Amino acid sequence: MSEIATTPVVSTIATIGQHESQSVTIRGWLYNMRESGKLLFPIFRDGTGTIQGVAHKAGVAPEVFDALKGLTQESSVIVTGKVRADKRAQGGFELDIEQVQVVQRVPEDDPYPITPKDHGVEFLMERRHLWVRSSRQAAILRIRAEIMRAAAEYFDSNGFTRTDPPILTPAACEGTSTLFPVDYFGEEAFLTQSGQLYIESTALALGKVYSFGPTFRAEKSKTRRHLTEFWMIEPEVAYCDLDGLLELAEKFLSHIVQSVVKNRAPELQVIGRDIAKLEAIQTPFPRLRYDEAVKMLNQAHKDGHLENPFEYGNDFGSPDETWLSSQFDRPVMVHRYPANVKAFYMQPDPQDPQFALCVDVLAPEGYGEIIGGSQRVDSYDLLKSRIEEHKLPLEAFQWYLDLRRYGSVPHSGFGMGIERVVAWLCGLDHVRETIPFARTLNRMFP
C-alpha cells in the first residue's frame, strides 16, 4: 500500500518546536549564510525568530542547492524542511532543508546595505526602516510590545476603563514652550503633551480610567532620554490620594517587569540583558522625600561622585536623577517636591503647602525618571489662582475648572513614558532604539 503524501504544515519559527521530526514550511527571509564545503547553513528569519537551516549537496535536489547557494542577504524565501532538535542551536532546533522557493532575490549589484559588519549609528538611523530587521532591534521591539501589552493588561484587569483623550488640544497642559502648534481651520491648536486633563474628566465619570497614546514635546533637547514624539500611558483615579498613587505605581511597574521577564526571556537573552537585575524588581519600592534626596545629592558631591552641588529648591536634572537612581536595585519614588517647580495642577501638601503632593519614580541602574504623577488640586479657587499665576489662558481652562465646580473630589494620576521603560528594561544607552521610528530634534526621517 503506497504512502499518502501529506502537505507540510506552515509554521512560524517561534512555534517550530511543536513539529519536531515533521516537515514544515516557513515563510521569511535569508538573515545570513555560512558555507562549509558541500554544506550550506542558511539562517532564516520570519519576524518571530531565527533558525538555522542545513543543506548538504548530496542530500537535496541540485536546483534546491543551487537556489540556496545563490541567495543574497534579505532575499525572501519559502522554505520546507524537517525539524530536528539540536541543543547547540539557538532556540533548540534546526531545519534540514528539503525545498526552497525564492520569492524575491536581492540583486548582487544592489546588495542589502546593512551587513554583519559594524555600522555607525547615523548610518543605521538613516536606514531605520531596514535596521529593525536585525535580531537585536527586533528583540527590542518585541519587548516594547510586551511592555505595552502588560501595561494595558494591569489596568484592564484592575477595574480601569480606557478612555482616549484628543491629540489636538486648545491649550497647554504644562507649559506653552514645549508645544507643537498646528493650524486648525484658521485657529491655533497644539499637539498634546499629555492626556491628563481630559482623563481627569473621565475619572470623575467612571472612577478609574487610563489613556494610552502618542504625546508630543517640542523641547529642543539632544539628550539620550528625549524624543519629540513618544507613547504615554496615564491612569487617573477618583478618591485617590498620593499614598494610594504610590501604591498603584509600584504594583503597576512590578507587573510590567515580571511580565517581560516571564514572556520575553529569549529576547532579553538576544540583547544581553542581565535578567537577575530585572528579577530583583519587587514591591515595595524605596521612597524618598525631596529633602532626603537633596541631602544624598549634596553628600555625593562632597564625596566626589557629582561635579556640582545641588541647589535646594530646583527640580532634578538628568545627572541628579541618574545618580539617585543608581543607588537602588529597584525603582525609587521621590515625592513632595517644592510646589513652585512643579505643574499648576498639583495639590499642595496640607502639612506644608510649599511642597506638592507629587512623585517621580526613578528607574534603577541610572535610568532616571520613568513616571511622574501627583494628587491633583481639587479646590476651584486654588486651581483658578494657579492657572492665573502660571499665566495660562483662563478661558481655555473653563471646562477644566468645571470639574471643580461640580462634584470635585480628591483624585490622583501619573504618566509613564513607554520608551524610557523600554530603555531601562532593555539596558539601552539611548531612547532612539526604543521606538520603531524615532523623532528627535534633528530627525524626521525615515
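Read the figures in this text as sums done on the coordinates, not as results from a lab. Predicted, not measured: the structure shown is a model, and the values here were computed from it. We place every Cβ from the backbone using ideal geometry, glycine too, and count neighbours over all the protein chains shown.
In degrees, nearest 10, range 0 to 90: what is the angle between the Cα axis of helix 380-389 and the longest Cα principal axis of the chain?
80
Where does each of ASP402, ASP352, ASP378 land when they are ranked from fewest to most other beta-carbon atoms within 10 angstrom? Walk me through the numbers before you get to the answer.
Values: ASP402 14, ASP352 9, ASP378 17.
In increasing order of surrounding Cβ atoms, one gets ASP352, ASP402, ASP378.
If each residue of separation counts as 0.36 nm, what is the full-extension length gain between THR223 and VAL106 once their alpha-carbon separation is subtracted?
On the way: separation 117, 0.36 × 117 = 42.12 nm, distance 3.74 nm.
The THR223-VAL106 span can extend by a further 38.4 nm.
Can you list the residues of the range 406-433 with backbone N under 18 Å from a point 7 Å past the Cα of SER379, pointing along Cα to Cβ?
406-412, by backbone N distance to the label point.
If you compute Cα extents along the principal axes in Å for the structure shown, which of (i) 90, 56, 56; (ii) 88, 57, 46; (iii) 80, 53, 43 do you land on?
Working out Cα extents along the principal axes in Å from the coordinates points to (ii).
When the gyration tensor of the range 295-342 is built from Cα positions, what are the square roots of 5 times its three eigenvalues, in whole Å, from largest to smallest?
For the range 295-342, the semi-axes come out at 18, 15, 8 Å.
How high is the FRET efficiency from ASP86 to THR161, r the C-beta distance, R0 45 Å, rounded to 0.05?
The formula returns an efficiency of 0.40 here.
On a 0 to 90° scale, report how tilted helix 242-263 is relative to the longest principal axis of the chain, with both axes built from alpha carbons and the result rounded to the nearest 10.
0
Taking R0 as 51 Å, what FRET efficiency do you get between GLU395 and VAL9 from their Cβ-Cβ distance, rounded to the nearest 0.05? If you can, show how the numbers build up before the last one.
Working: r = 64 Å, r/R0 = 1.26.
It comes to 0.20.
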